[in-house]
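All remarks here apply to the structure that follows.
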Amino acid sequence: MNQLWSTHCGVCGVAGESPCVRCRRGLDVAVDVPCPEGLDGCVSAFMLTGVGRELVVSVKYHNQRQSLGWLAAAVARRVQAEGVALGMATWVPTAAGRRRKRGFDQSERLARRVGRRLDLPVRRLLGSTEPAGLLFAGAGQTAKSAAERQGRAAFRAVGRVDCPVLVIDDVLTTGATLAEAAKALRRAGAPEVYGATIAFTPAPGR
């Protein structure tokens, strides 16, 4: 028996594509995105405000995967606009415990979709140097202060890297996570490292 699968907006729940047209109009385009230390460039598609925050939360914590395709296209457009030459894409790995709880790694799924959009091979190039489950343990990064986020990430490169790499993550806040990822990739030989995220957290008062 054939079964019809319906889709709905991950933010407002209206039937149809995700995010819906109305919610897309509520997204704030990312501006003044800082480049974390050790990266050659960094882009974000949206600000982590209003609809943008709700959209990221729906993907990360409520398993609303139907938005990933559209988000990947938005991220890919921002990368393409930079006009940089890239050889490979990878992602910032989610802690093993959190990945098991969610059933998937949202950054990996995003990276693979972005890679297809950019016609880039996507490989797992980063692993954690912390014991399983300790990387970003406890409350999610979005719930922590800037001081608490600093120094949390600990990465190692998986194999050698001999080309410019695009590192995908979901949210850019202090830049500490991408900076640590870049450090590991450069130790492995990456000549250039660029970052791309769905959203950028503005400074307080912005």
Worksheet item: Peptides 48-59, 108-119: what's the order by average Cβ count within 10 Å, highest mean first?
Response: 48-59, 108-119
Worksheet item: Given +1 on the Cβ of Lys and Arg, -1 on the Cβ of Asp and Glu, and no further charges, what dipole in debye does region 1-76 carry about its Cα centre, rounded to the nearest 20?
Response: 380
Fill in: Cβ crowding within 10 Å averaged over residues, with 17-25, 39-47 ranked highest first
39-47, 17-25
Worksheet item: Ordered by residue, what ³J(HN,Hα) values in Hz, to whole numbers, does region 37-52 give under the Karplus form 6.51 cos²θ - 1.76 cosθ + 1.60, where θ = phi - 60° and Gly and Pro are x?
Response: 4, x, 9, 8, x, 8, 10, 9, 7, 9, 7, 7, 9, x, 4, x
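Each value in this text was obtained by applying a stated rule to the coordinates, not by laboratory testing. Keep in mind the model is a prediction, meaning the values are calculated, not measured. Note that each Cβ is placed from the backbone with ideal geometry, even for glycine, and that neighbours are counted across all protein chains shown.
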